[in-house]
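All remarks here apply to the structure that follows.
The values are calculated or read from the model by the stated rules, or taken from the named source; none is laboratory data. Please read these numbers as outputs of a predicted model, since none were measured by experiment. Cβ: placed from backbone, ideal geometry, glycine included. Neighbour counts: every protein chain shown.
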Amino acid sequence: MKILVTGAAGMLASEIIPRLIEDNHQLLQVDLNQRLPDIKKLDVADTKSVFSYVEHYRPEYIFHLAAETNVDLCEKNHDHALRANYLGTENLVYACQRYNIKLLYISTAGVFWGDKKEPYTEFDQPNPRNFYGQSKLQGEYVVQKLLNKYFIIRAGWMVGGWEIDKKFVYKIIQQIQQGKRQLRVVSDKFGSPTFTKDFASNVMKVINTNRYGIYHMTNQGTCSRYEIALKIVEYLDMKNHVEIIPINSSEFPLPAPRADSEMLRNYKLDLLGINDLPHWEESLKDYINTNQHKIEAISSLA
């Protein structure tokens, strides 16, 4: 199958693309960031460029991974957020509509307000807490409005890519590598870690069902940022050297409000019997062990 992958330089694509190559799919890789030689430059928010590219190469499927995921930047610059997360998606949707292409759109737990005590399911009503979530939800709406053959898959707190990861897990590891021995970590925000390796391993199981619609796909289990940090220290064998101090989110103000809960349940995967993602603790341990050769310097800092 010929698949166009947007956001090909990103952390999720870094796991999905090798899987697709292993399965002998023909890939077209595009991104604004040409981090690797196989990646061609394409701005999904440029309508003319998108239609020209799709018309020329005629993919059978588009895996739309490209997005602006910097939550605070989206809050400060609504135009940028909508251009990247709504307009870019709309362009691809219209291209899919014109050339009869199926679409996979990656969304986020950020489409929910975050006041539910249990994990959100696919049957809960979205209501974003911040503009990042709003921009991604608008992308969901245009997919649902204009296409019939689509998958919208919502992920949680994404982890993967190691040095290209700009998110929480790698930031904690970096601080420990830099010699910090006391870290203050928010303990009142909860979510569902989503490891890119596990996501990539499971995504084709969903695609191959041809049961189109909205799905949640995160690792098993939920936790706070604080609990993740404790496990990172444990798996790095640094429990006696690094202190993790729980703090309230009010002590760490940010431009964009964060939901108290971004916990998701893979309810539809459960119903279909294909919820095969491991527990987040297991995957975090594997993630750190796999990259141990990159973090050996930590032991000398203990």
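Please determine whether any residue of region 255-269 is on the phi < 0 side of the Ramachandran plot, in a helix (DSSP H, G or I) and free of Cβ contacts under 8 Å to residues at least 12 places away in the same chain.
Among the residues of region 255-269, not one is on the phi < 0 side of the Ramachandran plot, in a helix (DSSP H, G or I) and free of Cβ contacts under 8 Å to residues at least 12 places away in the same chain, which makes the answer no.
Which members of region 5-22 meet the condition of being more than 13 Å from I39 (Cα to Cα) and out of contact with any helix residue (DSSP H, G or I) (no Cβ under 7 Å at 6 or more places or on another chain)?
P18, L20, I21, E22
Output the residues belonging to region 212-245 that are free of Cβ contacts under 8 Å to residues at least 60 places away in the same chain and among the charged types (D, E, K, R).
Once the filter is applied, which keeps residues that are free of Cβ contacts under 8 Å to residues at least 60 places away in the same chain and among the charged types (D, E, K, R), region 212-245 yields R225, E227, K231, E234, K239.
Taking the residues in region 144-189 that are at pLDDT 95 or above, farther than 25 Å from S250 by Cα and polar (S, T, N, Q) as candidates, determine which candidate is surrounded by the most Cβ atoms within 10 Å (Cβ to Cβ).
Q144
Out of the residues in region 221-242 meeting the condition of being part of a helix (DSSP H, G or I) and of a type in the set (K, R), tell me which one is surrounded by the fewest Cβ atoms within 10 Å (Cβ to Cβ). First the steps, then the outcome.
Start the filter on region 221-242 by keeping residues that are part of a helix (DSSP H, G or I), which leaves 225-235.
Narrowing the set further to residues that are of a type in the set (K, R) leaves 225, 231.
Values: R225: 24, K231: 20.
By that ranking, first place goes to K231.
Residues C96, C74: which one is among the hydrophobic types (A, V, I, L, M, F, W, C), in the same structural domain as R19 (by TED's automatic domain parsing), in contact with a helix residue (DSSP H, G or I) (Cβ under 7 Å, 6 or more places away or on another chain) and assigned to a helix (DSSP H, G or I)?
Matching residue, one of C96, C74: C74.
Check Q29, Q34 and return the single one that is surrounded by 14 or more Cβ atoms within 10 Å (Cβ to Cβ), assigned to a strand (DSSP E or B) and either without any contact (Cβ under 8 Å) to a residue 24 or more places away in the chain or not hydroxyl-bearing (S, T, Y) (or both).
Q29
L104 is checked against (1) under 21 Å from Y150 (Cβ atoms); (2) in contact with a Cys (Cβ under 6 Å, 6 or more places away or on another chain) and fails just one. What number does that condition carry?
Looking at each condition in turn, L104 falls short on (2).
Quick check on my filter: what residues within region 62-76 are under 19 Å from K166 (Cα atoms) and not charged (D, E, K, R)? Spell out how you get there, then give the answer.
Start the filter on region 62-76 by keeping residues that are under 19 Å from K166 (Cα atoms), which leaves 65-76.
If the condition is that a residue be under 19 Å from K166 (Cα atoms) and not charged (D, E, K, R), then L65, A66, A67, T69, N70, V71, L73, C74 are the ones that fit.
Picking from I153, I207, which residue would you name as being farther than 14 Å from L12 by Cβ and among the hydrophobic types (A, V, I, L, M, F, W, C)?
After applying the criteria, what remains is I207.
Considering only residues that are of a type outside the set (S, T, Y) and touching a strand residue (DSSP E or B) at 6+ places or on another chain (Cβ under 7 Å), look in region 116-135 and name the one that is surrounded by the fewest Cβ atoms within 10 Å (Cβ to Cβ).
Kept after step one, since they are of a type outside the set (S, T, Y), are these residues of region 116-135: 116-119, 122-131, 133-134.
So of that shortlist, the ones also touching a strand residue (DSSP E or B) at 6+ places or on another chain (Cβ under 7 Å) come out as 116, 119, 122, 133.
On the way: K116: 14, P119: 23, E122: 18, G133: 29.
Filtering region 116-135 for residues that are of a type outside the set (S, T, Y) and touching a strand residue (DSSP E or B) at 6+ places or on another chain (Cβ under 7 Å), the one surrounded by the fewest Cβ atoms within 10 Å (Cβ to Cβ) comes out as K116.
Looking at region 149-169, which of the residues that are in a loop (DSSP other than H, G, I, E, B) and out of contact with any strand residue (DSSP E or B) (no Cβ under 8 Å at 6 or more places or on another chain) is farthest from M204 (Cα to Cα)?
Restricting attention to region 149-169, the residues satisfying the condition of being in a loop (DSSP other than H, G, I, E, B) are 149, 156, 160-161, 165-167.
Imposing the further condition that a residue be out of contact with any strand residue (DSSP E or B) (no Cβ under 8 Å at 6 or more places or on another chain) reduces the set to 161, 166.
Details: G161: 20, K166: 26 Å.
Restricting to residues being in a loop (DSSP other than H, G, I, E, B) and out of contact with any strand residue (DSSP E or B) (no Cβ under 8 Å at 6 or more places or on another chain), the top hit is K166.
Filter region 25-78 down to residues that are more than 22 Å from W157 (Cβ to Cβ), aromatic (F, W, Y) and under 18 Å from the mean Cα position of the chain (by Cα), then give me how many there are.
Qualifying residue count, region 25-78: 0.
Answer yes if at least one residue in region 138-148 is assigned to a helix (DSSP H, G or I) and outside the structural domain of T89 (by TED's automatic domain parsing), and no otherwise.
Looking for residues that are assigned to a helix (DSSP H, G or I) and outside the structural domain of T89 (by TED's automatic domain parsing), one finds none in region 138-148, hence no.
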